[in-house]
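Inspection log for the structure reproduced underneath, given as structure tokens.
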Amino acid sequence: MAKKDVKITINGKEYSSKVEPRMLLVHFIRDVAGLTGTHVGCDTSNCGACTVVLDGKAVKSCTVLAVQADNRRITTVEGLAKNGKLHPVQEAFVDKHGLQCGYCTSGMLMTSFWLLQKNRNPTEKEIREALSGNLCRCTGYENIVKAVKEAAKEISAEQNKDLVREEPIEA
Amino acid sequence: MKSEEKFVRGMGQFVDDIKFPNMLYMSVVRSDYARARLLRVKGGINAKTFNHPLAAVGEGAMSGFERAQHMVFASEFVNYLGEPIAAVYSDDPYKSEDLISSVEVDYDPLKPVIDPEKALTSEPIHSGFKNNIISEKWLGKDFKNDSPIVLEDSFRNRNG
Amino acid sequence: MRPTEFDYFAPGTLEEAIGLLKKYNDEAKVLAGGQSLLPLLKSRVTSIPYLVDIGNIDSLTYITRNDRALLVGSTTKISALENYRNFGKNFEILKEATASIADPLIRNMGTVGGNIAHGDPGNDLPAVLMALDGTVTVTGPGGQRNVKARELYLDSYTTSLNGNEIITEVQFPDWGTRSAGTYIKFKKPAGDFSIAAIAIQLKVNKDGICEKFGSAVASVGPTSIFLRKASETMVGSKMTPTVIEKASEAAAGEINPVADRNGTVDQKRDLVRKLFIEGTRKSLRKL
């Protein structure tokens, strides 16, 4: 079996390696790039603990070959925080207790991140549908939904801050 | 850092996240049958070379239940689908999984008893046991048979 | 759970891809989105020595229309089709079906062509294509040909394609005015596959008589099944409750379900009968 050279950009950094074509993207991320925040949960493409954003779309990295991601860009949970500062979706999950054991969390965060990029104000139904490929055995999903709603508010507020101009108050 | 913050950053250290230098990866050869006689096992590390019980598992870990010990690898019989029969190792997890097919196992499949009430009276599946009862409990004290109302029923825990 | 070894190619053109399939013949298989194939490889249910990835052939990713049909390039992602804005009333059946496939993450990688070509009786788009009496364009070393969906599936995981051919386009016919359709998926308790799913498209003339009717089911046979007798019963009729009931009984008789933990053969027949009635009623209300 001929190995293949792949170059994958993860969280803005290029990772190059010669890999077996059968290597799953999730293993490239965890073992070649050393980013273990993305998890393997189920073996059957059900649980979504392996979710990353590939070229702008949330996908299950356990069901993608590393070679399929050659020359493409990926964001993982480690790429959400900027200069150490938590992304609003990460803050919201902490704030609203959207996690217990933490195993499904990176997958939940990445799908939520993707959802909020295309839908600024999702309804509860839209949130639950978007997360239907991410399973959680601990929380019962209530606080996860609350966290995503909170994150949506936070992101909107941050974006609106740029539009607000302070007017002088007339006496 | 609060543990919740650690997890949202992807910095939880779950078992598979832990890495050591010169690590080996293990794959387990597991029984294809719920009940079978193991005629032959060749390859990997198996009961012939590693004949030890698991240190602590379920009822067998409690004192008084030593006879319900679970051996790491099955030897004469397998008693559940997926029971470990052998283990193989490699420095690469993909090759480790490939090595599973290098272990040869010959089974003589038998009919499993899957009804608990039948199991009460059928042949013990573990050698050295009188029957298939691991533990028997009476709940409550002062249990009298002369109560005005006696209720009797069996309850099925729908786990699958 | 990791696949066995294989060699992998990522051709940039259709010609290259077909050349590779021809070179490796029975030992090569097309990889599109991988959402059906990779799980089979990971569980080692199957082992394929050569994978030809058509995911980089941009010319196969498109959604367009002509006056007769919606034309979808085979490597178009299912989510792209799901979010297509120009469906119109005539393709609600397709909107409903695509939205029901697996989950959003799978739909972001899985392709329309893959969902049609894979041949799992539980896949959703084959029943839709059969109901619409749609076609696929198949390209191989000998050139191109069109195959009707209703003749495409021979057995589980087996289409009439030979190993050197690739589905390159899927054509969903536009049934025009006074037409409506529905997809109903009766899901298993866990996971996103169906116990049975039905695709129904109908068209009436000015007097309310049924001019055209197409119905097909998933998951109740070795392949998706076009309900020929049920569809024929409806055509030319006023689609009264009595006629619908008669057709639904024909539908129940045309399927080939296997008894399993989800139901007995009779229960599954009854399910299909009920789905036929509900699907037809829903479609009529949409007219």
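If you bin the C-alpha pair distances of the stretch C:61-173 every 5 Å from 0, what whole percents do you get? In order of increasing distance, the bins hold 2, 12, 24, 28, 20, 10, 3, 0 percent.
Taking other Cβ atoms within 10 Å as a rough exposure proxy, A:HIS97, A:HIS39, A:HIS27 sort from fewest to most as A:HIS97, A:HIS27, A:HIS39. Directionally averaged projected area (the stretch C:110-236, Cα convex hull): 8.4 nm². Please identify the longest segment of chain A free of exposed GluC sites (Glu not before Pro), where exposed means a DSSP state other than H, G, I, E or B and no more than 10 other Cβ atoms within 10 Å. Result for the longest clean stretch: A:1-165.
Starting with the highest mean, order C:103-112, B:83-92 by the number of other Cβ atoms within 10 Å, averaged over the residues of each peptide.
Going by the mean number of other Cβ atoms within 10 Å, highest first, we get C:103-112, B:83-92.
Listed by chain and number, the aspartates and glutamates placed with their C-alpha closer than 19 angstrom to that of B:LYS111 are B:ASP32, B:GLU76, B:GLU83, B:GLU123; residues fewer than eight positions away on the same chain are left out. The share of alpha-carbon pairs in the stretch A:4-79 lying farther apart than 15 Å comes to 45%. Shielding of peptide A:58-70 by partners, expressed as the average count of other chain Cβ atoms within 10 Å per residue Cβ, is 6. Put in line by how crowded their Cβ is, counting other Cβ atoms within 10 Å and starting with the fewest, B:GLU4, B:GLU76 read B:GLU76, B:GLU4. Here's how it looks for A:HIS87: its modeled amide H is under 5 Å from those of A:ALA81, A:LYS82, which are all 5 or more places away or on a different chain.
With R₀ fixed at 35 Å, the C-beta to C-beta distance from B:MET1 to B:ALA55 puts the FRET efficiency at about 0.60.
A straight Cα-to-Cα reach below 13 Å connects A:LYS82 with the aspartates and glutamates A:GLU91, residues fewer than 8 places away in its own chain not being considered.
A convex hull fitted around the alpha carbon atoms of chain B yields 241 Å³ per residue. One quarter of the convex hull surface built on the alpha carbon atoms of the stretch A:88-161 amounts to 4.2 nm², the projected area averaged over directions. Among the residues of C:42-49, the average count of other protein chain beta-carbon atoms within 10 Å of the residue beta-carbon is 2.
Among B:94-100, C:22-28, what's the highest-first ranking by average C-beta atoms within 10 angstrom per residue?
Final packing ranking: B:94-100, C:22-28.
Listed peptides B:6-13, C:11-18, C:209-216 appear in the order C:209-216, B:6-13, C:11-18 once ranked by packing, highest mean of other Cβ atoms within 10 Å at the front. What you get for the stretch A:4-79, charging only the Cβ of Lys and Arg (+1) and of Asp and Glu (-1), is a dipole of about 120 debye around the Cα centre.
For the protein assembly as shown, the mean residue ellipticity at 222 nm estimated from helices alone is -7500 deg cm²/dmol, where every DSSP H run of n ≥ 4 contributes -39500 (n - 2.57) and the total is divided by all residues, rounded to the nearest 500. Normalising by residue count, the protein assembly as shown has a Cα convex hull of 277 Å³ per residue.
Dipole of chain C computed with +1 at Lys/Arg Cβ and -1 at Asp/Glu Cβ about the Cα centre; of C:ALA69, C:THR242, C:THR4, farthest Cα towards the positive end is C:THR242.
Laboratory data are not the source of any read-out in this text; all were calculated from the coordinates shown. Since the structure is predicted, the reported quantities are computational estimates derived from the model, not experimental observations. All Cβ positions, glycine included, derive from the backbone under ideal geometry; neighbour counts span all protein chains shown.
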